[in-house]
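The values are calculated or read from the model by the stated rules, or taken from the named source; none is laboratory data. Note that the structure is predicted; figures quoted are calculated from it, not measured. Glycine also receives a Cβ, built like all others from the backbone with ideal geometry; neighbour counts cover every protein chain displayed. Surface areas here come from the heavy atoms of the whole protein model, side chains and all, with no ligands, DNA or RNA. Shrake-Rupley method; radii C 1.70, N 1.55, O 1.52, S 1.80 Å.
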Amino acid sequence: MNPSQHLQLVQNAPKRTMKHGTPVIICGLGFGDERKGGTADALARRFGPSVVVRYNGGPQAGHNVVTPSGVWHCFAQFGAGSLAPYTRSVLARHMLIDLDSMATEADMLGKKIRGDAWSLQTIDPDCRIITPMQKLVGRMREVARGKKPNGSCGMGVGETIADDEAGLSVRVRDITNGNVGKKKIRRIAEVKLAEGSAMLVGSRSAELTALWKQLQERCENQDALFYNYTFKLERVKIERAAETIRQALARGKMIILEGAQGALLDRTRGFVPHITKSDTTCKHAVDLVREAGFTEPPFKLGIMRAYGHRHGAGPFVSEDKATRNRFVDQYNPENRWQGSFRVGWLDLPALRYGIHMNGGVDGLAVSCLDQLSNLPHIHVCSGYRTPDGRAITDLSQERISAAERTVLVSECRPIWMEWPGWTEDLTKVRRFEELPENAKTFLRFLESDAGLATPVVIGSVGPTYTQTLFL
(Lines give C-alpha, C1' and ligand atoms only; values in the text may rest on other atoms or scores of the structure.)
Protein backbone atom coordinates (compact mmCIF):
# COMPACT_ATOMS: atom_id res chain seq x y z
CA MET A 1 0.00 0.00 0.00
CA ASN A 2 1.50 3.37 -1.00
CA PRO A 3 1.90 5.60 2.11
CA SER A 4 1.36 8.76 0.09
CA GLN A 5 -2.23 7.65 -0.51
CA HIS A 6 -2.95 8.03 3.20
CA LEU A 7 -1.52 11.47 3.97
CA GLN A 8 -4.51 13.67 3.43
CA LEU A 9 -4.09 15.69 6.60
CA VAL A 10 -6.85 16.81 8.93
CA GLN A 11 -8.68 19.85 7.58
CA ASN A 12 -10.83 20.45 10.64
CA ALA A 13 -10.61 23.24 13.23
CA PRO A 14 -7.25 25.02 13.72
CA LYS A 15 -4.70 23.07 15.75
CA ARG A 16 -4.79 23.90 19.45
CA THR A 17 -1.47 24.36 21.21
CA MET A 18 -0.48 23.71 24.80
CA LYS A 19 0.19 26.99 26.53
CA HIS A 20 0.87 28.30 30.00
CA GLY A 21 -2.35 29.09 31.84
CA THR A 22 -4.43 26.36 30.19
CA PRO A 23 -4.63 23.11 32.21
CA VAL A 24 -3.33 20.04 30.37
CA ILE A 25 -5.12 16.73 30.96
CA ILE A 26 -3.00 13.65 30.29
CA CYS A 27 -5.15 10.66 29.36
CA GLY A 28 -4.04 7.20 28.26
CA LEU A 29 -5.64 5.99 25.03
CA GLY A 30 -4.79 2.31 25.36
CA PHE A 31 -4.36 -0.28 28.10
CA GLY A 32 -2.12 1.89 30.30
CA ASP A 33 1.70 2.13 30.37
CA GLU A 34 1.72 4.75 27.61
CA ARG A 35 4.34 7.06 29.31
CA LYS A 36 2.02 9.32 31.24
CA GLY A 37 4.61 9.84 33.96
CA GLY A 38 7.44 10.86 31.66
CA THR A 39 5.08 13.22 29.85
CA ALA A 40 3.98 14.87 33.11
CA ASP A 41 7.63 15.35 34.06
CA ALA A 42 8.48 16.88 30.66
CA LEU A 43 5.50 19.25 30.83
CA ALA A 44 6.38 20.38 34.36
CA ARG A 45 9.91 21.21 33.25
CA ARG A 46 8.77 22.95 30.07
CA PHE A 47 6.17 25.18 31.74
CA GLY A 48 7.96 25.89 35.02
CA PRO A 49 6.34 25.89 38.50
CA SER A 50 3.50 23.39 38.24
CA VAL A 51 0.89 21.46 40.16
CA VAL A 52 0.49 17.84 39.04
CA VAL A 53 -2.93 16.45 39.94
CA ARG A 54 -3.54 12.70 40.01
CA TYR A 55 -7.23 12.51 39.13
CA ASN A 56 -8.07 8.79 39.13
CA GLY A 57 -6.80 5.31 39.96
CA GLY A 58 -4.57 4.42 42.86
CA PRO A 59 -1.21 2.89 43.79
CA GLN A 60 -1.46 0.33 40.99
CA ALA A 61 -0.53 3.07 38.50
CA GLY A 62 3.27 3.02 38.37
CA HIS A 63 4.49 5.98 36.29
CA ASN A 64 8.20 5.79 35.60
CA VAL A 65 10.33 8.91 35.28
CA VAL A 66 14.03 8.90 34.40
CA THR A 67 16.27 11.98 34.43
CA PRO A 68 19.22 12.50 32.05
CA SER A 69 21.56 11.90 35.01
CA GLY A 70 20.06 8.45 35.57
CA VAL A 71 17.78 9.16 38.56
CA TRP A 72 14.73 6.90 38.29
CA HIS A 73 11.49 6.94 40.25
CA CYS A 74 8.27 4.99 39.86
CA PHE A 75 5.48 7.39 40.80
CA ALA A 76 2.48 5.62 42.29
CA GLN A 77 0.96 8.08 44.75
CA PHE A 78 2.74 11.32 43.97
CA GLY A 79 2.31 13.43 40.85
CA ALA A 80 4.95 12.38 38.33
CA GLY A 81 6.33 15.91 38.02
CA SER A 82 7.68 15.83 41.57
CA LEU A 83 11.31 15.50 40.43
CA ALA A 84 11.00 18.82 38.62
CA PRO A 85 11.76 22.00 40.61
CA TYR A 86 8.91 23.89 42.28
CA THR A 87 6.31 21.23 41.50
CA ARG A 88 3.59 20.14 43.91
CA SER A 89 1.58 16.92 43.93
CA VAL A 90 -2.18 16.73 44.49
CA LEU A 91 -4.31 13.61 44.93
CA ALA A 92 -7.87 14.44 43.89
CA ARG A 93 -10.97 12.89 45.46
CA HIS A 94 -11.27 10.02 42.97
CA MET A 95 -7.83 8.72 43.91
CA LEU A 96 -7.49 5.67 46.16
CA ILE A 97 -4.53 5.74 48.51
CA ASP A 98 -2.50 3.15 50.39
CA LEU A 99 -0.84 5.14 53.17
CA ASP A 100 1.73 2.45 54.00
CA SER A 101 3.02 2.23 50.43
CA MET A 102 2.81 6.03 50.17
CA ALA A 103 5.19 6.29 53.13
CA THR A 104 7.64 3.97 51.40
CA GLU A 105 7.43 6.02 48.21
CA ALA A 106 7.85 9.28 50.14
CA ASP A 107 11.06 8.00 51.72
CA MET A 108 12.47 6.94 48.34
CA LEU A 109 11.41 10.15 46.61
CA GLY A 110 12.81 12.28 49.45
CA LYS A 111 16.27 10.82 48.92
CA LYS A 112 16.13 11.67 45.22
CA ILE A 113 14.99 15.27 45.67
CA ARG A 114 17.09 15.65 48.85
CA GLY A 115 14.14 16.98 50.77
CA ASP A 116 10.86 16.14 52.47
CA ALA A 117 8.58 14.56 49.86
CA TRP A 118 5.61 14.69 52.25
CA SER A 119 5.78 18.50 52.13
CA LEU A 120 5.05 18.38 48.38
CA GLN A 121 1.82 16.43 48.84
CA THR A 122 -1.79 17.63 49.10
CA ILE A 123 -4.58 15.09 49.59
CA ASP A 124 -8.29 15.64 49.07
CA PRO A 125 -10.30 14.72 52.21
CA ASP A 126 -12.62 12.54 50.13
CA CYS A 127 -9.86 10.20 48.92
CA ARG A 128 -10.66 6.57 49.75
CA ILE A 129 -8.10 4.62 51.76
CA ILE A 130 -7.13 1.08 50.76
CA THR A 131 -6.72 -0.99 53.91
CA PRO A 132 -4.48 -4.09 54.11
CA MET A 133 -7.61 -6.19 54.62
CA GLN A 134 -9.09 -5.06 51.31
CA LYS A 135 -5.81 -5.63 49.50
CA LEU A 136 -5.55 -9.21 50.78
CA VAL A 137 -9.18 -10.14 50.05
CA GLY A 138 -8.81 -8.70 46.54
CA ARG A 139 -5.83 -10.98 46.00
CA MET A 140 -7.77 -13.93 47.38
CA ARG A 141 -10.54 -13.33 44.84
CA GLU A 142 -8.06 -13.36 41.95
CA VAL A 143 -6.39 -16.55 43.21
CA ALA A 144 -9.82 -18.19 43.60
CA ARG A 145 -10.52 -17.55 39.89
CA GLY A 146 -7.81 -20.07 39.07
CA LYS A 147 -7.02 -20.34 35.38
CA LYS A 148 -9.56 -17.66 34.40
CA PRO A 149 -8.17 -14.48 35.96
CA ASN A 150 -9.75 -11.10 35.34
CA GLY A 151 -6.36 -9.41 35.58
CA SER A 152 -5.32 -7.54 38.69
CA CYS A 153 -2.47 -5.46 40.06
CA GLY A 154 -3.05 -6.97 43.51
CA MET A 155 -3.21 -3.53 45.13
CA GLY A 156 -6.77 -3.68 46.48
CA VAL A 157 -8.12 -0.92 44.25
CA GLY A 158 -11.04 -2.87 42.79
CA GLU A 159 -11.94 -4.35 46.17
CA THR A 160 -11.98 -0.92 47.81
CA ILE A 161 -14.15 0.60 45.09
CA ALA A 162 -16.63 -2.28 45.30
CA ASP A 163 -16.76 -1.92 49.09
CA ASP A 164 -17.30 1.82 48.83
CA GLU A 165 -20.22 1.32 46.45
CA ALA A 166 -21.69 -1.10 48.98
CA GLY A 167 -21.37 1.50 51.75
CA LEU A 168 -18.19 0.09 53.28
CA SER A 169 -15.24 2.47 53.10
CA VAL A 170 -12.93 4.74 55.04
CA ARG A 171 -11.87 8.11 53.67
CA VAL A 172 -9.21 10.60 54.66
CA ARG A 173 -11.80 12.83 56.38
CA ASP A 174 -12.91 9.85 58.51
CA ILE A 175 -9.40 9.42 59.89
CA THR A 176 -9.10 13.11 60.72
CA ASN A 177 -12.49 12.82 62.42
CA GLY A 178 -11.20 10.40 65.06
CA ASN A 179 -13.77 7.85 66.22
CA VAL A 180 -15.49 7.77 62.83
CA GLY A 181 -12.31 6.37 61.28
CA LYS A 182 -11.82 3.82 64.06
CA LYS A 183 -15.34 2.45 63.65
CA LYS A 184 -15.07 2.20 59.88
CA ILE A 185 -11.74 0.34 60.03
CA ARG A 186 -13.19 -2.15 62.53
CA ARG A 187 -16.22 -2.74 60.30
CA ILE A 188 -14.02 -3.32 57.23
CA ALA A 189 -11.98 -5.87 59.20
CA GLU A 190 -15.12 -7.75 60.29
CA VAL A 191 -16.54 -7.94 56.76
CA LYS A 192 -13.25 -8.91 55.11
CA LEU A 193 -12.65 -11.69 57.63
CA ALA A 194 -16.06 -13.14 56.85
CA GLU A 195 -15.53 -12.88 53.07
CA GLY A 196 -12.06 -14.37 53.25
CA SER A 197 -13.27 -17.27 55.37
CA ALA A 198 -16.05 -18.02 52.87
CA MET A 199 -13.54 -18.29 50.02
CA LEU A 200 -11.60 -20.98 51.88
CA VAL A 201 -14.55 -23.37 51.95
CA GLY A 202 -13.71 -26.35 49.77
CA SER A 203 -10.42 -24.87 48.57
CA ARG A 204 -7.11 -26.72 48.66
CA SER A 205 -5.07 -23.78 47.41
CA ALA A 206 -1.92 -23.24 49.47
CA GLU A 207 -1.68 -19.69 48.13
CA LEU A 208 -5.23 -18.90 49.20
CA THR A 209 -4.54 -20.30 52.68
CA ALA A 210 -1.37 -18.21 53.01
CA LEU A 211 -3.27 -15.05 52.09
CA TRP A 212 -5.96 -15.94 54.63
CA LYS A 213 -3.37 -16.20 57.40
CA GLN A 214 -2.00 -12.78 56.46
CA LEU A 215 -5.54 -11.40 56.56
CA GLN A 216 -6.08 -12.75 60.07
CA GLU A 217 -2.85 -11.14 61.26
CA ARG A 218 -3.75 -7.73 59.79
CA CYS A 219 -7.17 -7.79 61.45
CA GLU A 220 -5.83 -8.33 64.98
CA ASN A 221 -5.39 -4.66 65.94
CA GLN A 222 -7.46 -2.19 63.99
CA ASP A 223 -6.75 0.67 66.42
CA ALA A 224 -3.04 0.45 65.64
CA LEU A 225 -3.89 0.81 61.95
CA PHE A 226 -5.98 3.91 62.70
CA TYR A 227 -3.16 5.60 64.64
CA ASN A 228 -0.71 4.68 61.90
CA TYR A 229 -2.95 6.45 59.37
CA THR A 230 -3.38 9.45 61.65
CA PHE A 231 0.38 9.89 61.99
CA LYS A 232 0.96 9.75 58.23
CA LEU A 233 -1.85 12.16 57.36
CA GLU A 234 -0.43 14.73 59.79
CA ARG A 235 2.54 15.05 57.43
CA VAL A 236 0.57 16.21 54.38
CA LYS A 237 -1.73 19.10 53.53
CA ILE A 238 -5.39 18.08 53.39
CA GLU A 239 -7.46 20.28 51.10
CA ARG A 240 -10.05 19.86 48.39
CA ALA A 241 -8.31 19.45 45.06
CA ALA A 242 -10.54 21.94 43.25
CA GLU A 243 -9.56 24.62 45.78
CA THR A 244 -5.86 23.81 45.41
CA ILE A 245 -6.19 24.09 41.62
CA ARG A 246 -8.08 27.38 41.90
CA GLN A 247 -5.36 28.91 44.10
CA ALA A 248 -2.58 27.60 41.85
CA LEU A 249 -4.21 29.10 38.74
CA ALA A 250 -4.54 32.43 40.52
CA ARG A 251 -0.80 32.34 41.28
CA GLY A 252 0.04 31.64 37.65
CA LYS A 253 1.11 28.02 38.08
CA MET A 254 0.71 25.41 35.37
CA ILE A 255 -1.87 22.71 36.08
CA ILE A 256 -1.08 19.23 34.77
CA LEU A 257 -3.74 16.58 35.40
CA GLU A 258 -2.23 13.09 35.27
CA GLY A 259 -4.47 10.12 34.60
CA ALA A 260 -3.96 6.47 35.51
CA GLN A 261 -4.33 3.32 33.40
CA GLY A 262 -5.80 3.79 29.92
CA ALA A 263 -9.24 4.30 28.40
CA LEU A 264 -9.51 0.68 27.24
CA LEU A 265 -9.46 -0.49 30.87
CA ASP A 266 -12.50 1.60 31.78
CA ARG A 267 -14.97 -0.13 34.07
CA THR A 268 -18.05 0.40 31.88
CA ARG A 269 -16.75 0.67 28.33
CA GLY A 270 -13.59 -1.41 28.51
CA PHE A 271 -13.22 -5.09 27.66
CA VAL A 272 -15.10 -6.72 30.54
CA PRO A 273 -13.94 -8.49 32.72
CA HIS A 274 -10.36 -7.42 31.93
CA ILE A 275 -10.83 -3.94 33.32
CA THR A 276 -10.09 -1.79 36.33
CA LYS A 277 -12.95 -0.79 38.61
CA SER A 278 -12.67 2.96 38.05
CA ASP A 279 -13.34 5.48 35.30
CA THR A 280 -10.11 5.70 33.28
CA THR A 281 -11.18 8.50 30.93
CA CYS A 282 -10.50 12.21 31.47
CA LYS A 283 -14.03 12.85 32.81
CA HIS A 284 -12.97 13.42 36.43
CA ALA A 285 -10.19 15.79 35.32
CA VAL A 286 -12.60 17.88 33.24
CA ASP A 287 -14.94 18.09 36.24
CA LEU A 288 -12.10 19.20 38.53
CA VAL A 289 -11.02 22.00 36.22
CA ARG A 290 -14.61 23.23 35.99
CA GLU A 291 -15.06 23.07 39.77
CA ALA A 292 -11.89 25.16 40.15
CA GLY A 293 -13.56 27.93 38.15
CA PHE A 294 -11.63 27.54 34.88
CA THR A 295 -14.21 28.29 32.19
CA GLU A 296 -12.22 27.62 29.00
CA PRO A 297 -11.74 24.08 27.64
CA PRO A 298 -8.63 22.38 29.05
CA PHE A 299 -6.14 20.84 26.62
CA LYS A 300 -6.71 17.08 26.43
CA LEU A 301 -3.49 15.25 25.58
CA GLY A 302 -3.93 11.62 24.48
CA ILE A 303 -0.93 9.39 25.22
CA MET A 304 0.02 6.32 23.18
CA ARG A 305 3.08 4.26 22.31
CA ALA A 306 4.33 3.90 18.76
CA TYR A 307 3.56 0.18 18.98
CA GLY A 308 0.86 -1.99 20.56
CA HIS A 309 1.05 -3.29 24.13
CA ARG A 310 -0.92 -4.39 27.17
CA HIS A 311 -0.04 -5.81 30.57
CA GLY A 312 -1.92 -8.97 31.49
CA ALA A 313 -4.99 -10.86 30.33
CA GLY A 314 -7.55 -9.70 27.78
CA PRO A 315 -8.06 -9.24 24.04
CA PHE A 316 -5.16 -7.77 22.06
CA VAL A 317 -5.81 -8.01 18.32
CA SER A 318 -2.49 -6.57 17.11
CA GLU A 319 -0.33 -8.70 19.40
CA ASP A 320 2.69 -10.20 17.63
CA LYS A 321 4.84 -12.52 19.73
CA ALA A 322 7.65 -12.13 17.21
CA THR A 323 8.14 -8.58 18.53
CA ARG A 324 8.68 -9.72 22.12
CA ASN A 325 12.45 -9.21 21.97
CA ARG A 326 12.13 -6.08 19.84
CA PHE A 327 9.77 -3.98 21.97
CA VAL A 328 11.15 -4.13 25.50
CA ASP A 329 10.07 -2.29 28.64
CA GLN A 330 12.41 -2.87 31.57
CA TYR A 331 9.94 -1.16 33.92
CA ASN A 332 7.10 -3.59 33.19
CA PRO A 333 8.35 -7.06 34.12
CA GLU A 334 6.06 -10.03 34.52
CA ASN A 335 4.55 -10.30 37.99
CA ARG A 336 2.19 -12.59 39.87
CA TRP A 337 -0.85 -10.38 39.53
CA GLN A 338 -0.64 -8.70 36.13
CA GLY A 339 1.09 -11.47 34.22
CA SER A 340 3.33 -10.74 31.24
CA PHE A 341 3.85 -7.48 29.38
CA ARG A 342 2.55 -8.24 25.88
CA VAL A 343 3.60 -6.38 22.73
CA GLY A 344 2.69 -6.10 19.07
CA TRP A 345 1.92 -3.41 16.51
CA LEU A 346 -0.02 -0.17 16.62
CA ASP A 347 -3.77 -0.81 16.81
CA LEU A 348 -5.76 2.02 15.20
CA PRO A 349 -9.30 0.72 15.94
CA ALA A 350 -8.44 0.39 19.63
CA LEU A 351 -6.85 3.87 19.76
CA ARG A 352 -9.79 5.42 17.93
CA TYR A 353 -12.04 3.87 20.54
CA GLY A 354 -9.84 5.30 23.31
CA ILE A 355 -10.08 8.77 21.76
CA HIS A 356 -13.86 8.41 21.45
CA MET A 357 -14.18 7.37 25.11
CA ASN A 358 -12.39 10.57 26.14
CA GLY A 359 -14.75 12.71 24.09
CA GLY A 360 -11.95 13.47 21.63
CA VAL A 361 -8.49 14.81 22.41
CA ASP A 362 -6.73 17.98 21.27
CA GLY A 363 -3.35 16.42 20.60
CA LEU A 364 -1.42 13.16 20.64
CA ALA A 365 1.78 12.28 22.48
CA VAL A 366 3.49 9.36 20.73
CA SER A 367 6.11 7.69 22.90
CA CYS A 368 8.81 5.05 22.22
CA LEU A 369 9.51 6.13 18.64
CA ASP A 370 13.13 5.06 19.17
CA GLN A 371 12.05 1.42 19.50
CA LEU A 372 10.91 1.39 15.86
CA SER A 373 14.45 2.02 14.57
CA ASN A 374 16.22 -0.64 12.49
CA LEU A 375 13.00 -2.18 11.24
CA PRO A 376 12.69 -2.67 7.46
CA HIS A 377 8.92 -2.27 7.76
CA ILE A 378 6.50 -1.02 10.38
CA HIS A 379 3.16 -2.77 10.62
CA VAL A 380 -0.03 -1.01 11.65
CA CYS A 381 -3.37 -2.67 12.40
CA SER A 382 -5.75 -0.50 10.39
CA GLY A 383 -8.87 -2.55 11.08
CA TYR A 384 -10.32 -5.80 12.42
CA ARG A 385 -11.68 -8.70 10.40
CA THR A 386 -14.57 -10.51 12.06
CA PRO A 387 -15.10 -14.28 11.66
CA ASP A 388 -17.88 -13.59 9.12
CA GLY A 389 -15.55 -11.41 7.02
CA ARG A 390 -16.79 -7.97 8.10
CA ALA A 391 -14.22 -5.18 8.51
CA ILE A 392 -14.29 -2.98 11.64
CA THR A 393 -12.33 0.25 11.80
CA ASP A 394 -14.19 2.06 14.60
CA LEU A 395 -15.33 0.17 17.71
CA SER A 396 -17.42 3.09 18.91
CA GLN A 397 -19.87 2.33 16.09
CA GLU A 398 -20.57 -1.19 17.39
CA ARG A 399 -23.86 -0.93 19.31
CA ILE A 400 -23.27 -3.86 21.63
CA SER A 401 -22.69 -4.43 25.35
CA ALA A 402 -19.25 -4.36 26.94
CA ALA A 403 -19.24 -8.15 27.34
CA GLU A 404 -20.29 -8.65 23.71
CA ARG A 405 -17.54 -6.25 22.61
CA THR A 406 -14.96 -8.36 24.43
CA VAL A 407 -16.15 -11.53 22.71
CA LEU A 408 -16.23 -9.83 19.32
CA VAL A 409 -12.72 -8.38 19.56
CA SER A 410 -11.33 -11.66 20.93
CA GLU A 411 -12.48 -13.38 17.72
CA CYS A 412 -11.17 -10.74 15.30
CA ARG A 413 -8.00 -10.83 13.23
CA PRO A 414 -5.92 -7.78 12.29
CA ILE A 415 -6.05 -6.05 8.91
CA TRP A 416 -2.47 -4.94 8.33
CA MET A 417 -0.99 -1.87 6.73
CA GLU A 418 2.76 -1.67 6.09
CA TRP A 419 5.02 1.38 6.32
CA PRO A 420 8.72 1.74 5.43
CA GLY A 421 10.98 1.81 8.49
CA TRP A 422 14.25 3.62 9.23
CA THR A 423 17.71 2.64 10.41
CA GLU A 424 18.73 5.81 12.26
CA ASP A 425 19.15 5.81 16.05
CA LEU A 426 16.61 8.34 17.35
CA THR A 427 17.75 8.55 20.97
CA LYS A 428 19.89 11.63 20.33
CA VAL A 429 17.26 13.49 18.27
CA ARG A 430 16.11 16.69 19.97
CA ARG A 431 13.98 18.37 17.29
CA PHE A 432 11.26 17.14 14.94
CA GLU A 433 13.32 18.34 11.95
CA GLU A 434 16.09 15.89 12.92
CA LEU A 435 13.86 12.84 12.57
CA PRO A 436 14.39 10.66 9.48
CA GLU A 437 11.86 11.25 6.71
CA ASN A 438 10.16 7.88 7.21
CA ALA A 439 9.61 8.67 10.90
CA LYS A 440 8.11 12.05 9.99
CA THR A 441 5.85 10.35 7.46
CA PHE A 442 4.71 7.85 10.08
CA LEU A 443 3.73 10.67 12.47
CA ARG A 444 1.98 12.59 9.69
CA PHE A 445 0.00 9.46 8.88
CA LEU A 446 -1.20 9.25 12.49
CA GLU A 447 -2.45 12.84 12.16
CA SER A 448 -4.33 12.10 8.96
CA ASP A 449 -7.94 11.07 8.55
CA ALA A 450 -6.76 7.56 7.69
CA GLY A 451 -4.89 7.48 11.01
CA LEU A 452 -6.23 9.06 14.18
CA ALA A 453 -7.35 12.43 12.75
CA THR A 454 -5.60 14.29 15.59
CA PRO A 455 -2.43 16.44 15.59
CA VAL A 456 0.72 14.91 17.06
CA VAL A 457 2.10 17.51 19.49
CA ILE A 458 4.68 15.40 21.38
CA GLY A 459 6.98 12.60 20.33
CA SER A 460 9.45 10.84 22.60
CA VAL A 461 12.66 9.08 21.58
CA GLY A 462 13.71 7.86 25.02
CA PRO A 463 12.70 7.93 28.69
CA THR A 464 14.05 11.35 29.75
CA TYR A 465 12.56 14.83 29.40
CA THR A 466 15.43 15.86 27.08
CA GLN A 467 14.24 13.11 24.71
CA THR A 468 10.73 14.56 24.59
CA LEU A 469 10.09 16.46 21.35
CA PHE A 470 7.47 19.19 21.37
CA LEU A 471 6.34 19.27 17.76
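Brief remarks on what is shown
- Of the whole protein surface, Trp416 contributes about 110 Å² of accessible area at a 1.4 Å probe radius.
- In this label model, Ala403 and Ala210 are separated by 3.4 nm, measuring between points 7 Å along each Cα→Cβ vector.
- The stretch 264-327 and the stretch 75-102 have Cα centres separated by 19 Å.
- The long axis of helix 206-218 is offset from the longest Cα principal axis of the chain by roughly 50 degrees.
- Accessible surface for the chain, divided over its residues, is 41 Å² per residue with a 1.4 Å probe.
- Computed over protein heavy atoms with a 1.4 angstrom probe, the accessible surface ordering of Phe445, Phe31, largest first, is Phe31, Phe445.
- Taking the accessible area of the stretch 119-267, probe 1.4 Å, and keeping the other protein chains in place, the carbon and sulfur fraction comes to 48%.
- The distance from the alpha carbon centre of the stretch 139-202 to that of the stretch 395-471 is 39 Å, rounded to a whole number.
- Between the entries (i) 1.02; (ii) 2.55; (iii) 0.98, the label attached to Cα Rg over 2.2 N^0.38 Å calculated for this structure is (iii).
- When Glu411, Glu105 are compared by accessible area at a 1.4 angstrom probe, the order from most to least is Glu411, Glu105.
- On Cα atoms only, tilt of 222-233 relative to the major axis of the chain in degrees: 50
- Ser396 paired with His377, simple spin-label distance in nm, labels 7 Å along Cα-to-beta-carbon: 3.1
- Using a probe of 1.4 Å on the protein chains alone, the accessible area found for His379 is around 50 Å².
- Using C-alpha pairs below 8 Å separated by at least 6 residues, the relative contact order for the stretch 228-365 is 24 percent.
- Within the chain, the cysteines lacking any other cysteine Cβ closer than 4.7 Å to their own Cβ are Cys74, Cys127, Cys153, Cys219, Cys368, Cys381, Cys412.
- Angle of helix 99-113 to the longest C-alpha principal axis of the chain, folded into 0 to 90 degrees and rounded to 10: 60°.
- Residue-count net charge about Ala439 - beta-carbon cut-off 13 Å; Lys, Arg +1, Asp, Glu -1: -3
- Based on DSSP H segments of at least four residues, each scored -39500 (n - 2.57), the chain has a per-residue ellipticity at 222 nm of -10000 deg cm²/dmol.
- Here r is the Cβ-Cβ distance between Val71 and Ser197 and R0 is 45 Å; the resulting FRET efficiency, rounded to 0.05, is 0.50.
- Each label point was placed 7 Å from the Cα along the Cα-to-Cβ direction; for Thr17 and Glu239 their separation is 3.2 nm.
- Theoretical FRET efficiency, 1/(1+(r/R0)^6), r = Cβ-Cβ of Thr423 and Asp116, R0 60 Å, to 0.05: 0.80
- Principal semi-axes in Å for the stretch 174-300 [√(5λ), Cα gyration tensor, largest first]: 37, 24, 11
- Rounded to the nearest 10 Å², the accessible area of Arg385 at probe 1.4 Å: 100
- Ranking Tyr353, Tyr227 from most to least accessible surface, computed with a 1.4 Å probe over the protein chains only, gives Tyr227, Tyr353.
- Accessible carbon and sulfur surface of the stretch 276-359 relative to its total accessible area, %, 1.4 Å: 48
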